[in-house]
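The values are calculated or read from the model by the stated rules, or taken from the named source; none is laboratory data. All figures in this text were calculated on a predicted structure; none of them were measured in a lab. Every residue, glycine as well, gets a Cβ built from its backbone with ideal geometry; the counts of neighbours run over all protein chains shown. Protein only, heavy atoms only, side chains kept; ligands, DNA and RNA dropped before computing areas. Shrake-Rupley method; radii C 1.70, N 1.55, O 1.52, S 1.80 Å.
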Amino acid sequence: TSAQIGVTGLAVMGRNLARNFARNGYTVAVHNRTVSRTKALVEEFGQEGDFVAAETAEEFVAALERPRRLVVMVKAGEPTDAVIQEFAPLLEPGDMIIDGGNAHFADTRRRERELRERGIHFVGAGISGGEEGALHGPSIMPGGSVESYRSLGPMLEKISAKAADGAPCVTHVGPDGAGHFVKMVHNGIEYADMQLIGEAYQLLRDVAGYSPAQIADIFRTWNTGRLDSYLIEITAEVLSHVDAATGKPFVDVVVDQAEQKGTGRWTVQIALDLGVPVSGIAEAVFARSLSGHAALRAASRDLAGPKPSALSESEAAAFADRVEQALYASKIVSYTQGFHEIAAGSEEYGWDIDLGAVASIWRGGCIIRAAFLDRIRAAYDARPDLPSLLSDETFAREIADAQDDWREVQIAAVRQGVPTPGFAAALAYYDGLRSPRLPAALTQGQRDFFGAHTYRRVDREGAFHTLWGGDRGEVTA
Ligand code: NBP
């Protein structure tokens with residue numbers, strides 16, 4: 001038998017992806033460095049579809065129909081390079097290697113270039129949805145050549161998640177590293193979303209005085225409205241969970257130090273290189289780092305803060321409504337920043353990414369899937385050259401309606417000493433964008449003063465310098 005697709009790397013993700021292909025009627029060749037994993041897969045799930053178990057790389061490649069489609073699902077970084085080096089010599093021009101791991105897009109660009117010289121298509125494909133998504137339908141963000149997508153697209157569309165309107169959550173994002181870039185920003189937005197939700201939770205707890213179980217109910221209610229999303233849904237689940245050993249809320253027995261694998265950090269590093277202000281994502285990454293500095297936090301516990309004041313029941317309910325507004329507005333800002341980064345990456349690398357299509361494939365399968373992505377898609381479909389999501393009329397109107405509450409929540413947080421770096425960064429970004437004049441003019445003056453860095457004038461073309469140490473006359477630079 002010849003397999004239409006092969007998967008090498010059969011840990012949680014690869015195994016479930018292979019099963020997903022098989023369940024959709026494809027014959028799947030499976031391979032793993034440690035052979036026992038391959039055997040275990042076929043023994044446990046062999047009845048789900050047609051698998052061809054291969055022990056060696058040669059057997060694996062020989063099992064694939066041509067042009068070969070070979071999915072690599074191994075640990076990102078060196079293991080991916082090792083696997084490519086193992087398989088590439090066994091492949092022929094026209095064959096495709098699909099890297100479904102969380103690769104850095106710069107690595108994907110390098111690998112694509114090297115393999116292209118040998119006539120092999122390298123497709124860096126971001127895959128989101130965790131192990132459940134891999135099995136039941138992930139959101140897939142493939143880069144690589146148009147030609148490879150012609151061959152792979154229909155298969156990926158079949159195994160991908162479907163949005164509420166039935167559309168598959170996969171599209172050809174763009175050439176070389178475009179898919180992994182978009183997956184990276186997806187994860188950055190995920191960090192920001194999680195941080196904003198965390199801040200909303202802490203405000204409801206520390207300012208409004210609600211219990212985790214009550215907050216779970218509030219999130220459940222929010223999930224029936226415009227905040228309807230996977231992350232809000234699981235937040236309610238986590239908050240209502242009670243620890244069996246102690247009878248305490250689960251959230252109170254977990255160590256409050258957040259870990260990270262690095263894709264959020266990449267999003268911020270690349271944004272710094274591209275000059276894109278992703279302040280909400282950056283604050284989310286920094287909030288995780290701050291939480292992890294246990295010794296520093298212990299040493300700071302006695303620092304002065306305001307005295308907490310309790311809200312009455314009706315005040316608390318009104319405050320919860322405000323927090324919903326603040327969360328929604330801040331969330332729009334973090335998506336605005338994320339899409340700005342994708343647009344900037346697309347421009348820098350000549351990818352021509354369709355932002356509406358990106359919003360569309362995030363509607364199902366992935367961690368940030370949310371009802372309002374439908375509207376982001378609509379906004380970009382109506383105006384592909386939209387300067388920013390905030391310039392979309394609908395989103396602008398919603399923020400206009402939310403802004404009073406958004407500001408009140410921020411005031412309450414500051415007054416009560418509850419840290420809300422995500423809300424604050426989002427609001428500052430919003431106010432920064434809409435300000436007619438920014439203190440950047442003063443910054444330019446300072447730079448010209450100490451370093452003769454020159455400035456532009458509002459009333460004349462050209463670059464100017466003031467003779468600060470002399471008669472303070474102005475010269476053209
Ligand atoms: P892991 O990231 O834990 O990788 C384990 C797999 O890599 C095993 O199959 C292992 O083979 C193989 N491997 C390693 Br490690 N070094 C190798 C080498 N030098 N040569 C050949 N194979 C090697 O697996 P995962 O959690 O399933 O994730 C796979 C990819 O998917 C990663 O890039 C991950 O970032 C990405 N991803 C994961 C998730 C998730 O929710 N877990 C979500 C989205 C994306 P062995 O069995 O012989 O040790």
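Remarks
- Of residues in segment 20-34 being in a loop (DSSP other than H, G, I, E, B) and away from the ligand (no atom under 16 Å from the Cβ), the one nearest to residue 63 (Cα to Cα): 27
- Filtered residues of segment 303-333 (kept if part of a helix (DSSP H, G or I) and either acidic (Asp, Glu) or farther than 17 Å from residue 397 by Cα (or both)): 313, 314, 315, 316, 317, 318, 319, 320, 321, 323, 324
- In the set (1) surrounded by fewer than 24 Cβ atoms within 10 Å (Cβ to Cβ); (2) more than 25 Å from residue 89 (Cα to Cα); (3) in contact with a Pro (Cβ under 7 Å, 6 or more places away or on another chain), residue 127 fails one condition alone, (1).
Every residue, every condition in (1) within 11 Å of the ligand (Cβ to nearest atom); (2) of a type outside the set (S, T, N, Q), yes or no:
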{"position": "108", "(1), (2)": "no, no"}
{"position": "125", "(1), (2)": "yes, yes"}
{"position": "128", "(1), (2)": "yes, no"}
{"position": "131", "(1), (2)": "yes, yes"}
{"position": "142", "(1), (2)": "no, yes"}
{"position": "156", "(1), (2)": "no, yes"}
{"position": "161", "(1), (2)": "no, yes"}
{"position": "167", "(1), (2)": "no, yes"}
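- Leading residue by the ranking (modelled with the lowest pLDDT) among those in segment 1-17 that are closer than 20 Å to residue 151 by Cβ and either in a loop (DSSP other than H, G, I, E, B) or within 11 Å of the ligand (Cβ to nearest atom) (or both): 1
- Considering segment 424-477, and only residues there that are part of a loop (DSSP other than H, G, I, E, B) and of a type in the set (Lys, Arg), the residue that is least open to solvent (accessible area, probe 1.4 Å) turns out to be 457.
- Among residues of segment 178-198 that are more than 17 Å from residue 370 (Cβ to Cβ), those with a Cβ under 6 angstrom from a residue that is modelled with pLDDT under 95, sequence gap 6+ or separate chain, pair up as 184/263.
- Residue match in segment 413-423 (condition: open to solvent by 40 Å² or more (accessible area, probe 1.4 Å), in contact with a Leu (Cβ under 8 Å, 6 or more places away or on another chain), touching a residue at least 12 places away in the same chain (Cβ under 8 Å) and not in a loop (DSSP other than H, G, I, E, B)): no
- Leading residue by the ranking (surrounded by the most Cβ atoms within 10 Å (Cβ to Cβ)) among those in segment 316-361 that are β-branched (Val, Ile, Thr) and closer than 20 Å to residue 280 by Cβ: 333
- Single condition residue 387 does not satisfy, out of (1) modelled with pLDDT of 95 or more; (2) assigned to a loop (DSSP other than H, G, I, E, B): (1)
- Residue pairs whose Cβ atoms lie under 7 Å apart, sitting 6 or more positions apart in sequence or on different chains, and linking a residue in segment 54-82 that is of a type in the set (A, V, I, L, M) to a partner that is within 10 Å of the ligand (Cβ to nearest atom) and open to solvent by 30 Å² or more (accessible area, probe 1.4 Å), are 57/86; 73/13; 76/102.
- Filter pass, residue 35 being aliphatic (A, V, I, L, M) and open to solvent by 20 Å² or more (accessible area, probe 1.4 Å): yes
- Any hit, segment 69-83, residues being within 23 Å of the chain's Cα centre (by Cα), open to solvent by less than 10 Å² (accessible area, probe 1.4 Å), more than 13 Å from the ligand (Cβ to nearest atom) and of a type in the set (S, T, N, Q): no
- Tallying residues that are within 16 Å of the ligand (Cβ to nearest atom) and either in contact (Cβ under 8 Å) with a residue 12 or more places away in the chain or surrounded by 18 or more Cβ atoms within 10 Å (Cβ to Cβ) (or both) within segment 41-50 yields 3.
- Residue match in segment 90-104 (condition: without any contact (Cβ under 8 Å) to a residue 12 or more places away in the chain and more than 8 Å from the ligand (Cβ to nearest atom)): no
- Any hit, segment 272-281, residues being exposed (fewer than 15 other Cβ atoms within 10 Å of the Cβ) and free of Cβ contacts under 8 Å to residues at least 60 places away in the same chain: yes
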